[in-house]
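Asker: Before I ask anything, here is the structure I am working with.
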Amino acid sequence: MAFDSIISTEHLGTAAVRAANDFEGPSFNNIAEELQLLIFEKLLQHGTGHDFCTALLVCKQWNRLATPLLWRNISINNSRILFFLKSLASARQSSCDPIRNLSIYIRPTPNRNFYSDRPLPRTILGVPLGELLIGNAQDAYLIAVPDYLHETENFIACERIDNDTSEWKLLEIAMRTLALIIREKIRSLKTFSLRLAIRMDPADRSRANVFQTLAFPRSVLAKFLTSLPDSCVNVEIDDSGRSAGPPFTSDEHICPSVRDILPHLRHLQLKICDICPIVVDHNIAGDPFDNIGNEVPMWKDLKTVHLNLRPSPLAESLRTKACRRLLWNSETPQLNGQEARLWLENEATLHQNALAKSLRSAVDKGSFPGVQSLMLNNRHHNSAIDEWHFTNIDILNERVRLLPDVLIETDAMGTAEQRTTRIHEDCVTLEDGKSLFCTGDESEKIIEALVDDGWFTTTYGLRFPKPFRETVEFKSMRLTCIDPRDLVATETGLYERIGAIQPAGLVFDARQLIDDGLQGLRERRARVYEGLSEEATT
């Protein structure tokens with residue numbers, strides 16, 4: 001097993017081995033395997049990791065029964081993906097069968113220049129640098145593609161530029177391999193979550209370019225969707241607006257793939273910058289990939305559907321996206337001059353309305369007989385007032401919430417050394433008038449979760465649909481949930497947070513800094529509300 005390379009017998013104390021040998025007597029062997037497995041589950045839940053791994057090494061019988069419990073819930077990030085794929089490549093099918101919940105969270109890889117950066121990073125995607133990097137600065141650097149990734153190319157060439165993307169290319173290969181392995185080996189998966197981060201890991205920011213324009217292939221997202229087994233009833237995809245690909249091909253247009261998996265889903269959450277009505281209505285715009293006829297579909301098992309039209313950080317025009325292009329070609333009237341400009345400025349709202357209309361039509365036709373929550377969320381820009389806001393639409397109850405989303409950004413004053421205190425806060429104002437503030441690398445996602453999120457995160461990085469939180473199965477896992485409200489601050493908390501990091505010698509105190517920022521917030525929020533009133537009327 002893969003764990004044998006991590007755990008050695010030298011970790012075992014003599015008392016632990018003696019106690020384990022005593023417990024392995026006839027009384028334990030005579031217990032039914034179902035009860036033995038229950039005992040190991042309790043040990044995993046209530047004991048330490050060392051206790052459980054010690055039990056794995058007692059005997060083959062204990063190892064056979066207990067090892068699958070370690071594979072049940074798996075969380076993958078940049079530093080774990082290659083290790084996980086290597087483990088799966090050598091794992092027996094019996095080791096893959098217990099996998100029930102798989103959560104993937106991928107960050108953009110850092111900008112590097114292997115020819116000039118010193119020191120070089122210690123690892124690439126969690127693997128020691130010496131195992132992957134080949135060559136030297138005088139000749140050429142290559143990143144070796146491990147054999148277990150099943151890639152035809154053996155190497156990725158490192159470019160002599162400051163924003164080399166060879167590590168990102170290796171990550172793309174790893175993700176394609178993972179989609180293939182899910183199809184071949186992970187046959188009992190129940191919950192699948194794939195999320196892309198907006199920014200790279202702060203620890204990897206050796207350069208100023210934090211908002212890389214790295215695009216994740218839309219075809220890989222489609223591969224994951226088509227690779228999921230029928231046992232997978234809970235699916236979440238969040239691309240942070242980073243998925244892109246060649247314009248309008250069947251491999252890049254993932255909405256038909258989403259529609260194909262709807263019949264066996266219970267909970268679905270999509271946070272993608274372009275989702276078109278084809279997800280629920282194959283007749284919209286003459287879907288060129290339609291192959292299901294004209295019958296009204298029915299997704300009787302669906303309980304929650306949350307769709308989020310998140311903005312894209314990429315410079316690519318939204319009109320080149322598959323879904324936007326489909327709507328554009330079919331719905332855009334022949335406009336010129338001022339009318340065409342207004343259409344472009346309001347395209348996000350028009351797209352949102354077209355999708356909301358199709359969702360409501362599907363509800364009225366009986367396509368969602370058992371759905372309990374059907375939400376559409378859209379964070380978009382009001383060009384008339386140059387501000388952002390959320391439009392949160394409850395399709396079932398036909399209710400719309402319009403929530404301002406304002407960025408407060410104010411530099412501190414003083415000497416160069418003193419300009420370390422500044423306000424850079426994402427702020428959302430909820431319907432009760434309360435403003436909540438969040439800063440940091442995940443601030444946009446946290447603010448978005450406050451407005452609408454059908455899933456929740458645990459401290460181990462696992463993601464589950466919110467209704468799962470009340471089940472006996474989840475409670476037995478003894479996982480701790482992360483509440484996004486614990487990650488934000490009110491106005492009072494904002495004063496405390498900024499004041500705590502205020503360096504000595506500032507020209508004016510942090511309270512004045514915040515007062516100025518909040519005054520600007522109130523003025524901008526008033527403009528947003530005025531603009532939203534006009535939008536709602538329209």
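Asker: Modelling each spin label as a point 7 Å along the Cα-to-Cβ direction, I'd like the Ala144/Asn397 distance in nm, to one decimal.
Answerer: 5.8 nm
Asker: Roll a 1.4 Å probe over the protein chains and send me the accessible area per residue for region 83-134 in Å².
Answerer: Each residue of region 83-134 exposes 43 Å² on average to a 1.4 Å probe.
Asker: Stretch Phe155-Arg122 to full length: gain in nm at 0.36 nm per residue minus the Cα-Cα span?
Answerer: Length gained between Phe155 and Arg122: 10.0 nm.
Asker: List every residue whose amide H lies under 5 Å from the amide H of Ala91, counting only residues 5 or more places away in sequence or on a different chain, with H placed 1.01 Å from N in the peptide plane.
Answerer: none
Asker: Please turn the phi angles of region 363-377 into ³J(HN,Hα) values with the Karplus equation 6.51 cos²θ - 1.76 cosθ + 1.60 (θ = phi - 60°), one per residue in order, whole Hz, x for glycine and proline.
Answerer: 4, 5, 7, x, 6, 10, x, x, 5, 10, 8, 9, 10, 10, 10
Asker: Let me ask you something else. Going from the alpha-carbon gyration tensor of region 86-152, what semi-axes, largest first and in whole Å, does one get by taking the root of 5 times each eigenvalue?
Answerer: Sorted largest first and rounded, they come to 31, 15, 9 Å.
Asker: What order do you get for 443-456, 89-102 when each peptide is scored by the mean count of other beta carbon atoms within 10 Å, highest first?
Answerer: 443-456, 89-102
Asker: Note down the net charge around Ile99, summing +1 for each Lys or Arg and -1 for each Asp or Glu among other residues with Cβ under 11 Å from its Cβ.
Answerer: +4
The values are calculated or read from the model by the stated rules, or taken from the named source; none is laboratory data. Everything quoted here is computed from the prediction, not taken from an experiment. Note: ideal-geometry Cβ built from the backbone for every residue, glycine included; neighbour counts use all protein chains shown. Side chains are part of the model used for accessible areas, which takes the heavy atoms of the whole protein and leaves out ligands, DNA and RNA. Shrake-Rupley method; radii C 1.70, N 1.55, O 1.52, S 1.80 Å.
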